[in-house]
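The values are calculated or read from the model by the stated rules, or taken from the named source; none is laboratory data. Keep in mind that what you see is a predicted model, and the values were worked out from it rather than measured. Neighbour counts run over all protein chains shown; Cβ positions are idealised from the backbone, glycine included. For accessibility, only protein heavy atoms count, side chains too; no ligands or nucleic acids. Shrake-Rupley method; radii C 1.70, N 1.55, O 1.52, S 1.80 Å.
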Amino acid sequence: MRIALAGLATSHPYTDARALRDVAQLTVWEPDPHRLDRFRAEHPHATVLPDLDALLAADPDGVVLTVPTPDVPPALDKVLHRGLPCFVNKPAAATREQLDQLERVVSRAPELVLTSSVLRFAPQFVAFDVPREQVLAVRATVRHDVGLWATGYNPWQDDPAVGGGTLVMMGLHGVELLVALLGPAVRLVGAAGAVRRHHGLRSEDTGVLALRWDDGVTGTVEVLGVSAAETYEVTVHTVDGERRVLLRGGAEELGYRSTVEAFVAMVGGAPSPVPWSQTRAVLDVLTSARALA
């Protein structure tokens with residue numbers, strides 16, 4: 001199996017490559033020499049190619065796409081033009097304009113596109129189940145420090161108009177979990193953000209999103225970008241009390257490996273395990289929140 005890593009714009013593809021190297025031959029393209037050097041040091045047998053066109057011309061069986069958010073639609077268009085399954089590392093869209101462009105591209109072959117928070121595939125979350133008729137309200141709490149952005153690292157991620165900032169980059173995890181749990185019939189009803197500690201950010205280090213599903217269930221996503229530890233928690237309020245699942249740990253516990261396994265199944269011919277209707281609902285909430293906040 002030949003897997004192409006198209007871009008190394010975030011930390012995620014490095015983790016993806018560790019899960020893939022035992023089952024696939026890796027090829028890679030990344031324009032930043034420092035990121036590429038880091039990758040080559042860890043994967044000396046990977047083949048390096050000069051650009052995306054050359055990467056796709058090498059006839060991979062699947063593509064892991066990780067580029068700055070505005071570059072996702074044109075890059076994904078080239079991948080789908082070749083009929084290749086593609087895992088797009090988050091976020092695939094951060095603004096309404098980006099989402100509109102993305103949707104036009106994905107409409108060509110939605111079954112070939114997987115883009116999701118890895119937490120959807122975390123074993124503990126997969127096993128977490130609450131009957132819908134018992135649900136009163138839900139809450140997701142995302143704790144992931146973003147202080148590194150205040151130093152100027154990866155400025156496109158912190159830019160609300162480019163990568164969406166903390167509300168989108170980190171809020172995606174919470175929205176993804178709640179949509180996976182309750183479905184895509186959801187809309188944003190409120191959003192706000194603020195800088196409480198990491199001064200110098202272009203976006204925010206704390207935020208909140210308020211959601212409402214069509215059947216009346218309400219939800220809250222708390223985004224805490226000031227945190228000593230990385231954790232993700234979902235609380236479901238029921239008539240009998242609260243049900244919780246807490247996600248933390250390494251690649252296994254947070255779903256990275258299970259996500260790669262789902263992508264490998266797509267390379268084998270399976271459709272995307274996440275319907276586009278769910279992905280679009282997640283991105284619609286996030287782009288609406290970005291515009292409002």
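With both residues required to sit in the chain, DSSP beta bridges show an antiparallel share near 55%.
Taking other residues whose beta carbon is less than 15 angstrom from the beta carbon of Ala270, and scoring Lys, Arg as +1 and Asp, Glu as -1, yields -3.
With the convex hull drawn over the C-alpha atoms of segment 2-117, the volume per residue is 94 Å³. Mean sequence separation of contacting Cα pairs (under 8 Å, at least six apart), scaled by the length of the chain, corresponds to a relative contact order of 21 percent. Karplus-derived 3J(HN,Hα) values for segment 204-220, using 6.51 cos²θ - 1.76 cosθ + 1.60 with θ = phi - 60°, are 9, 10, 9, x, 8, 10, 10, 10, 9, 8, 4, 8, x, 5, 9, x, 10 Hz; glycine and proline are entered as x. Note that the chain presents 42 Å² accessible area per residue, ligands and nucleic acids not counted, probe 1.4 Å. Each principal axis of segment 1-56 carries a Cα extent, and these read 25, 22, 18 Å when sorted largest first.
When you filter the chymotrypsin sites (Phe, Trp or Tyr not before Pro) in segment 123-159 for DSSP loop state and at most 13 other Cβ atoms inside 10 Å of their Cβ, you are left with Tyr153. Peptides 235-248, 12-25 ordered by packing proxy, namely the average of other Cβ atoms within 10 Å per residue, highest first: 12-25, 235-248.
Rounded to the nearest whole Hz, the Karplus-based 3J(HN,Hα) values (6.51 cos²θ - 1.76 cosθ + 1.60, θ = phi - 60°) of segment 20-35 follow the sequence 8, 5, 7, 10, 8, 7, 9, 10, 8, 9, 7, x, 7, x, 5, 5, with x at glycine and proline. Helix 256-267 and the long axis of the chain differ in direction by around 60°, with both axes built from C-alpha atoms. Extents of the chain, taken as max minus min of Cα coordinates on every principal axis and listed largest first, are 55, 43, 35 Å. Proximity of backbone amide H atoms, modeled 1.01 Å from N, is registered between Gly183 and no other residue at under 5 Å, excluding neighbours fewer than 5 places apart on the same chain.
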